[in-house]
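Student: Would you mind keeping the following structure in view while I ask a few things?
The values are calculated or read from the model by the stated rules, or taken from the named source; none is laboratory data. Predicted model only: the values in this text are computed from it and were never measured. Positions of Cβ are generated from backbone atoms using ideal geometry, with glycine treated the same way; all protein chains shown enter the neighbour counts. Ligands, DNA and RNA are excluded from the accessible area calculation, which covers all protein heavy atoms including side chains. Shrake-Rupley method; radii C 1.70, N 1.55, O 1.52, S 1.80 Å.
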Amino acid sequence: MEKAVSDARRRQAHALATAFVETLDRRDPVALQRDRAMSPALAEELVEMLDSYVAAGQALSLAPLATAFAPGKGARPPVDVYATQGGTLGLECLLLADGRPAEAILHLEMSGPDDAPRLQYNYMGS
């Protein structure tokens, strides 16, 4: 049985994921290392991988909070937050490029207490 995620935790996850995407939008591996605690190799790989999903000049974002958790055309919300068996929250975030859905889905994980959550990048796929 899947454990329900509270609205407060979903909002918190959305805020952290939005901040992550704002850093990612700069396409700056050094910023990802500094601000998101990524290794140099992972940060470089992530920035390079973006090229296969979005054009260099396109602005990256997530669906706004008001619509992030509402099911989309494919019956999945643009930002899906779910409890994992390990006790963390998994996030599947559809990236927007210039405000339009891109093919890329960002997979993140949130852990830690409510007052000090941590967000970790897992992978990007389609």
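Student: Send over a whole-number figure in Å² for the accessible area per residue of the chain, probe 1.4 Å.
Tutor: Numbers: 7170 Å² over 126 residues.
Heavy-atom accessible area per residue stands at 57 Å².
Student: For Arg100 and Glu44 in the same chain, what is the full-extension length gain: residue separation times 0.36 nm, less their Cα-Cα distance, in nm? Could you put the intermediate results ahead of the total?
Tutor: Numbers: separation 56, 0.36 × 56 = 20.16 nm, distance 2.47 nm.
This chain segment gains 17.7 nm when fully extended.
Student: What is the ratio of the Cα radius of gyration of region 60-102 to 2.2 N^0.38 Å, with N the residue count, to two decimals? Working shown, then result.
Tutor: Details: Rg = 11.2 Å, N = 43, 2.2 N^0.38 = 9.2 Å.
Normalised Cα radius of gyration, region 60-102: 1.22.
Student: With Rg and the Kirkwood Rh both taken from Cα atoms, where does Rg over Rh land for region 55-126?
Tutor: Numbers: Rg = 12.9 Å, Rh = 13.0 Å.
With Rh from the inverse mean 1/r over Cα pairs, Rg/Rh is 0.99.
Student: Working only with C-alpha atoms, what are the Rg and Dmax values of the chain, expressed in angstrom?
Tutor: For the chain, the Cα-based Rg and Dmax read 14.1, 43 Å.
Student: Between Phe20, Tyr53, Leu91, whose Cα lies farthest towards the positive end of the dipole of the chain when Lys and Arg beta carbons carry +1 and Asp and Glu beta carbons carry -1, centred on the Cα centre?
Tutor: Leu91
Student: Let me ask something additional. Treating the beta-carbon of each Lys and Arg as +1 and of each Asp and Glu as -1, no other charges, what is the dipole magnitude of the chain about its Cα centre, to the nearest 20 debye?
Tutor: Working: 12 positive and 17 negative charges, 68 e Å.
Its charge dipole is roughly 320 debye.
Student: So what is the calculated 222 nm ellipticity per residue for the chain, using -39500 (n - 2.57) for each DSSP H run with n of 4 or more, over all residues, to the nearest 500 deg cm²/dmol?
Tutor: Details: 4 runs with 42 residues, N = 126.
Calculated mean residue ellipticity at 222 nm is -10000 deg cm²/dmol.
Student: Could you tell me the calculated FRET efficiency between Ala70 and Ala8, based on Cβ-Cβ distance and R0 = 22 angstrom, to the nearest 0.05? Can you show the working numbers first?
Tutor: Details: r = 18 Å, r/R0 = 0.80.
Using R0 = 22 Å, I get an efficiency of 0.80.
Student: Compute the distance from the alpha-carbon center of region 45-65 to that of region 90-125, in whole Å.
Tutor: One Cα centre to the other: 12 Å.
Student: Of the accessible area of the chain, with the probe set at 1.4 angstrom, what percent is carbon plus sulfur?
Tutor: Numbers: 3700 of 7170 Å².
Answer for the chain is 52 percent, counting heavy atoms of protein chains only.
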